[in-house]
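A.B. asks: To start, I am sharing the structure in question, which I have written as structure tokens.
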Amino acid sequence: MTATPDTRVPWDRWDAPAEDWMLSGECPAGTERTLLLELAARILFPTVLVFSLYLLLVGHYGPGGGFSGGLVAGLAFVLRHIAGGGSDGAQIGARIKVRPPVLVGIGLAVAVVTALVPAAFGAPVLASVKVGFHLPLLGDIEIVSSLALDIGVYLLIIGVVLDLLRSLGSGIERDAREATSDQTGAA
Amino acid sequence: MTTLSLAMAAVVAVLYSVGFYLLLQRSLMRVLLGVVVLGHGANLLLQLAGGPPGRPPILDGSTDTAGMADPLPQALALTAVVITFAMTTYLLALGYRSWVLVGHDEVQDDLEDRRIARRRTVKASMGEELVDRGDEAGVDPGSAAASDDPVAQAPAGDRT
Amino acid sequence: MTASMLPALPVLLPLLGAAATVVAGRSAWAQRAIGITVLSAVAAVAVVLLVMADRGGPVVAEIGGWPAPVGIVLIADRLSALLLLISTVVTLAVLVYAIDQRIVDYGRRTASTTFHPIFLVLSAGVSLAYLTGDLFSLFVAFEIMLAASYVLITRRTDATRIRSGMTYVIISLASSLLFLTTVALVYAATGTVNLADLATRVAELPTGLQTVLAMLVVVTFGIKAAIVPLHFWLPDSYPNAPAPVTALFAGLLTKVGIYALLRTRTLIFPEGHPSTLLLVLAAVTMIVGVLGALAQNDLNRLLSFLLVSHIGFMIFGLAVSDAQGVAGTALYVVHHITVQATLFLVSGLITRRTGTVSIDAMGGLAKRAPLLAVLFAIPALTLAGVPPTSGFVAKLALLQAGADNGPGTAVVAGVVVLASLLTLYAVVRVWVRVFWGEPKEPLPDPDPHDDLVVGTARTSMPMYAASAALVVVSLAIAVAAGPLSGITSRAGDDLVDRTPYRTAVLGNGGAP
């Protein structure tokens with residue numbers, strides 16, 4: 001990983017990019033690179049992730065919610081896969097250490113536990129409560145307990161999208177590559 | 001009881017007919033498109049069930065709900081959209097698997113049905129039992145279908 | 001812990017278990033333990049629900065605390081609690097069988113990130129379908145169940161299975177979209193999707209509209225339940241799946257369709273007199289199914305056609321549509337879930353021993369596997385309805401209902417007897433050809449590393465034990481026929497009366 005410097009940054013290098021701006025060196029086949037898309041993906045990726053979190057948080061009253069937030073976050077990963085992956089989609093797997101099925105499992109568990117918790121307090125299953133409090137600078141904040149359910153769905157959807165990218169994205173590319181290498185090997 | 005605008009009814013009708021037509025095709029990709037189109041049609045129908053479009057949403061604090069949009073069909077359609085999304089990805093994966101395994105993504109006939117039909121006609125015409133056990137003993141019926149086709153054998157990988 | 005959360009547990013526990021098995025994706029033992037624990041817990045909850053529903057009326061859970069016509073309710077009355085119990089018991093036995101088959105085929109340490117979670121998700125979908133009191137949730141339940149079944153039927157595919165899987169998936173998708181259309185039309189006509197509320201609202205609609213909606217419901221669930229002429233997908237798709245998957249599908253999925261038909265027909269579209277259409281469908285289904293079975297040489301396909309035939313028996317009780325008939329159908333569903341799953345499990349054992357699914361290539365198995373001969377004979381005779389098995393009890397209930405309701409139903413009751421005799425002929429012929437005669441050598445397995453259970457000749461004790469346990473359950477149904485038919489006849493009264501259900505969901509006598 002390039003982003004973990006173990007020495008202090010020299011003073012004249014403090015504003016240099018902490019890691020390579022392009023995903024150079026990670027695409028074996030230079031012809032498959034699209035410079036413009038890589039650059040755009042680099043800028044858009046964090047932005048879209050933040051936007052997905054926004055959608056997740058406002059979902060109770062505004063348009064958004066766990067599912068759409070998760071899908072938007074998933075789209076960020078799809079964009080990155082298309083731009084940076086090219087022929088090597090392992091990129092996403094390398095950066096994200098958690099396996100996609102585990103993400104799906106955790107998301108589902110969070111959602112189901114959220115459904116069950118109210119029953120422990122004698123309320124109906126899936127009942128929700130509002131918690132309002134005042135924060136300095138931010139003003140009055142109201143959090144609904146069903147946000148936890150949304151977070152579970154959010155994680156689940158991201159996990160599903162990542163799993164799709166792994167199996168149908170890089171998996172298909174790997175199959176295709178192996179098929180062509182088999183053919184050339186046979187010939 | 002809500003009345004339906006003619007344009008919307010026509011759109012639903014077109015979506016349903018296109019969807020079912022595609023659903024009846026052999027190629028799984030067309031079936032997939034059919035499912036998507038049909039899903040859109042069903043969701044549109046679900047939306048129309050909630051009343052005419054363009055109404056304001058339910059507002060907090062107001063008690064007069066007469067002119068407001070019915071939120072329930074929207075919630076139902078949202079759920080249905082999620083389900084259609086899942087089915088679409090599943091069908092894509094299935095189509096790809098089929099392409100890897102048998103070289104195409106066409107929905108095939110059932111071999112056992114054909115075998116029984118053939119046995120019946122031969123028996124009727126010749127008056128004696130057709131003996132063609134050799135090719136079917138032990139071999140799973142239907143796998144002969146694959147042997148007719150050029151099998152594009154790519155390594156399967158460990159995907160789900 | 002309150003009583004009002006109990007109906008939610010059979011849905012939420014398997015989902016939680018599914019999540020846990022995914023997270024524990026590397027430990028095969030943890031996955032097995034979670035699966036068995038969760039399903040046992042669901043079975044226990046189902047017992048509690050059944051006792052509560054039988055003593056004190058339907059148990060209702062309002063999801064999120066929203067009251068009935070607006071919110072989603074889960075409701076366990078006698079029928080749904082009973083079916084939930086028997087389904088969970090069968091699912092548990094199938095899981096044990098499947099686990100052991102996986103151990104035999106892949107070794108003790110092989111975990112799977114798909115099989116166990118999907119299995120539990122399927123179970124959650126089935127539970128939701130039984131318990132929901134809401135038409136749209138029923139759609140969601142079907143989708144959960146079917147999506148899981150798509151994955152199970154196309155896992156580890158080869159060319160054969162992908163063909164049969166496609167047929168199954170496309171037909172199911174078409175019926176699901178039809179279901180969604182039905183929901184939309186029902187909502188457009190009535191403004192509600194709550195089943196109890198619909199019972200009132202649909203009755204206020206014009207007769208023509210009622211008929212259209214009722215027909216849509218029959219077609220939608222008819223595809224799921226495989227009623228002739230909507231059955232053609234079933235014998236094409238089920239036989240090619242692995243034995244436990246086929247057993248689960250044959251035991252549960254079609255019966256959930258029957259349950260949905262039973263619930264909607266009695267609650268929303270009651271006719272009050274025998275339905276001619278359903279009577280004809282029942283008769284045709286029984287005869288076409290069993291004749292199709294007689295033409296088969298493939299053991300699994302034969303059993304699939306018998307499954308179709310016996311769907312007709314259940315439709316018959318529903319068609320009679322008085323309390324007696326509905327009770328007969330309920331009893332028949334309970335009996336048939338058990339016995340059909342058992343038959344497919346045992347058929348899996350047979351094909352593993354003989355190395356073929358072709359009945360012609362089998363023979364003389366009784367000497368090599370006497371236990372297998374007994375395990376196949378008992379559920380086969382039960383299916384045919386030989387006294388004193390549970391099949392006899394269930395068929396008797398149906399025949400009584402048919403005999404008491406005029407000449408039309410009496411004729412179809414005659415068809416029931418005929419179909420039973422033909423079933424007996426079919427299964428006895430299979431038994432004789434498979435277990436008697438000249439022994440034939442087991443064929444070598446062409447590919448030992450797929451789920452396709454052809455000729456591995458490898459079986460293990462727990463697989464027999466799971467099958468035997470289901471045989472015992474079906475025998476227990478016959479032994480406990482008295483109390484059981486008590487429950488089903490009370491359930492039938494409730495279903496035809498409709499008041500207990502509507503009062504439990506809506507309060508004040510079901511008035512809107």
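The values are calculated or read from the model by the stated rules, or taken from the named source; none is laboratory data. None of the values given here were measured: they were computed from a predicted structure. Note: ideal-geometry Cβ built from the backbone for every residue, glycine included; neighbour counts use all protein chains shown.
A.B. asks: Residue B:21 passes all but one of (1) among the hydroxyl-bearing types (Ser, Thr, Tyr); (2) over 18 Å from residue B:105 (Cα atoms); (3) surrounded by 13 or more Cβ atoms within 10 Å (Cβ to Cβ); which number fails?
C.D. replies: (2)
A.B. asks: Here are some conditions: (1) part of a loop (DSSP other than H, G, I, E, B); (2) within 11 Å of chain C (Cβ to nearest Cβ); (3) at pLDDT below 75. Residue B:50 meets all but one. Which one does it not meet?
C.D. replies: Here residue B:50 meets the rest and fails (3).
A.B. asks: Next question. Limited to segment C:288-318, what total is found for residues that are among the aliphatic types (A, V, I, L, M), buried (at least 24 other Cβ atoms within 10 Å of the Cβ) and over 17 Å from the mean Cα position of the chain (by Cα)?
C.D. replies: Residues meeting the conditions: 4.
A.B. asks: Now, a different point. From C:160, C:132, C:91, grab the single residue that is within 9 Å of chain B (Cβ to nearest Cβ) and not acidic (Asp, Glu).
C.D. replies: Matching residue, one of C:160, C:132, C:91: C:160.
A.B. asks: Conditions first: (1) at the interface with chain B (Cβ under 8 Å from one of its Cβ atoms); (2) in a loop (DSSP other than H, G, I, E, B). Residue C:205 passes all but one, so which condition is the exception?
C.D. replies: With (1) at the interface with chain B (Cβ under 8 Å from one of its Cβ atoms); (2) in a loop (DSSP other than H, G, I, E, B) applied to residue C:205, the lone miss is (1).
A.B. asks: Only one residue in A:175, A:182 is away from chain C (no Cβ under 14 Å), out of contact with any strand residue (DSSP E or B) (no Cβ under 6 Å at 6 or more places or on another chain) and either at pLDDT 80 or above or surrounded by 16 or more Cβ atoms within 10 Å (Cβ to Cβ) (or both). Which one? Spell out the reasoning first.
C.D. replies: Values: A:182 fails: either at pLDDT 80 or above or surrounded by 16 or more Cβ atoms within 10 Å (Cβ to Cβ) (or both).
The conditions single out A:175.
A.B. asks: Next up: So is residue C:358 under 21 Å from residue C:422 (Cα atoms) and touching a strand residue (DSSP E or B) at 6+ places or on another chain (Cβ under 7 Å) or not?
C.D. replies: Criteria met by residue C:358.
A.B. asks: Of the conditions (1) over 23 Å from residue C:467 (Cβ atoms); (2) modelled with pLDDT of 90 or more; (3) surrounded by fewer than 17 Cβ atoms within 10 Å (Cβ to Cβ), residue C:428 satisfies every one except a single condition; which number is it?
C.D. replies: Here residue C:428 clears every test but (1).
A.B. asks: Further, regarding this structure: Counting residues that are closer than 23 Å to residue C:243 by Cβ, which helices (runs of 4 or more DSSP H) fully inside segment C:330-446 reach at least 3?
C.D. replies: Once the helices (runs of 4 or more DSSP H) in segment C:330-446 are filtered for at least 3 residues that are closer than 23 Å to residue C:243 by Cβ, what remains is C:365-368, C:370-384, C:406-435.
A.B. asks: Right, residue C:80: within 14 Å of chain A (Cβ to nearest Cβ) and hydroxyl-bearing (Ser, Thr, Tyr) or not?
C.D. replies: On the way: within 14 Å of chain A (Cβ to nearest Cβ): no; hydroxyl-bearing (Ser, Thr, Tyr): yes.
No, not satisfied.
A.B. asks: Give just the number: which of (1) more than 13 Å from every other protein chain (Cβ to nearest Cβ); (2) touching a strand residue (DSSP E or B) at 6+ places or on another chain (Cβ under 9 Å) does residue A:158 not satisfy?
C.D. replies: (2)
Results for (1) facing chain B (nearest Cβ under 9 Å); (2) surrounded by fewer than 23 Cβ atoms within 10 Å (Cβ to Cβ); (3) under 29 Å from residue C:19 (Cα atoms), shown as yes or no for each residue.
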position: C:113; (1), (2), (3): yes, no, yes
position: C:121; (1), (2), (3): no, no, yes
position: C:124; (1), (2), (3): no, no, yes
position: C:139; (1), (2), (3): yes, no, yes
position: C:169; (1), (2), (3): yes, no, yes
position: C:172; (1), (2), (3): no, no, yes
position: C:189; (1), (2), (3): yes, yes, no
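A.B. asks: Within segment A:121-141, take every residue that is more than 22 Å from residue C:75 (Cβ to Cβ) and surrounded by 10 or more Cβ atoms within 10 Å (Cβ to Cβ) and give me the one that is nearest to the other protein chains (Cβ to nearest Cβ).
C.D. replies: If we take residues in segment A:121-141 being more than 22 Å from residue C:75 (Cβ to Cβ) and surrounded by 10 or more Cβ atoms within 10 Å (Cβ to Cβ), then A:129 is nearest to the other protein chains (Cβ to nearest Cβ).
A.B. asks: Shifting gears a bit: Checking the condition of a type outside the set (Ser, Thr, Tyr) and in contact (Cβ under 8 Å) with a residue 12 or more places away in the chain, which residue from C:177, C:120 passes?
C.D. replies: Exactly one residue qualifies, and that residue is C:120.
Okay, residues lined up against (1) more than 23 Å from residue C:112 (Cα to Cα); (2) touching a Pro at 6+ places or on another chain (Cβ under 9 Å); (3) basic (Lys, Arg); (4) in a loop (DSSP other than H, G, I, E, B):
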site	(1), (2), (3), (4)
A:105	no, yes, no, no
A:117	yes, no, no, no
A:124	yes, yes, no, yes
A:154	yes, no, no, no
A:158	no, yes, no, no
A:165	no, yes, no, no
A:174	no, yes, yes, no
A:179	yes, yes, no, no
A:182	yes, yes, no, no
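A.B. asks: Test residue B:31 against the criterion of being more than 9 Å from every other protein chain (Cβ to nearest Cβ), assigned to a helix (DSSP H, G or I) and of a type outside the set (D, E, K, R), and give yes or no.
C.D. replies: no
A.B. asks: May I ask you to say which residue of C:86, C:103, C:99, C:72 is surrounded by 16 or more Cβ atoms within 10 Å (Cβ to Cβ) and within 14 Å of chain A (Cβ to nearest Cβ)?
C.D. replies: C:72
A.B. asks: For segment C:18-55, which residues satisfy the criterion of being facing chain A (nearest Cβ under 9 Å) and either within 21 Å of residue C:93 (Cα to Cα) or among the aliphatic types (A, V, I, L, M) (or both)?
C.D. replies: C:18, C:19, C:20, C:21, C:22, C:23, C:24
A.B. asks: Do we have residue C:367 as over 20 Å from residue C:251 (Cα atoms), more than 28 Å from the chain's Cα centre (by Cα) and within 14 Å of chain B (Cβ to nearest Cβ) here? Outline the logic, then answer.
C.D. replies: Values: over 20 Å from residue C:251 (Cα atoms): yes; more than 28 Å from the chain's Cα centre (by Cα): yes; within 14 Å of chain B (Cβ to nearest Cβ): no.
No, not satisfied.
A.B. asks: So which residues in segment C:319-329 are surrounded by fewer than 24 Cβ atoms within 10 Å (Cβ to Cβ) and either under 20 Å from the mean Cα position of the chain (by Cα) or assigned to a helix (DSSP H, G or I) (or both), if there are any at all?
C.D. replies: C:323, C:324
A.B. asks: Return the only residue of A:103, A:79, A:147 being within 30 Å of residue C:6 (Cβ to Cβ), at pLDDT below 90 and surrounded by 15 or more Cβ atoms within 10 Å (Cβ to Cβ).
C.D. replies: A:147
A.B. asks: Just to be sure, is residue C:61 within 14 Å of chain A (Cβ to nearest Cβ), touching a strand residue (DSSP E or B) at 6+ places or on another chain (Cβ under 6 Å), within 29 Å of residue C:185 (Cα to Cα) and not aromatic (Phe, Trp, Tyr)? Outline the logic, then answer.
C.D. replies: Values: within 14 Å of chain A (Cβ to nearest Cβ): yes; touching a strand residue (DSSP E or B) at 6+ places or on another chain (Cβ under 6 Å): yes; within 29 Å of residue C:185 (Cα to Cα): yes; not aromatic (Phe, Trp, Tyr): yes.
Yes; evaluated as a whole, the condition is true for this residue.
A.B. asks: Name the pairs: first residue in segment C:185-210 and over 20 Å from residue B:12 (Cβ atoms), second residue of a type in the set (A, V, I, L, M) and surrounded by fewer than 21 Cβ atoms within 10 Å (Cβ to Cβ), Cβ to Cβ under 6 Å, at least 6 apart or on different chains?
C.D. replies: From segment C:185-210, the pairs are C:195/C:267; C:199/C:267.
A.B. asks: So residue C:283 passes all but one of these: (1) within 30 Å of residue C:376 (Cβ to Cβ); (2) buried (at least 24 other Cβ atoms within 10 Å of the Cβ). Which condition number does it fail?
C.D. replies: In the conditions (1) within 30 Å of residue C:376 (Cβ to Cβ); (2) buried (at least 24 other Cβ atoms within 10 Å of the Cβ), residue C:283 misses (2) alone.
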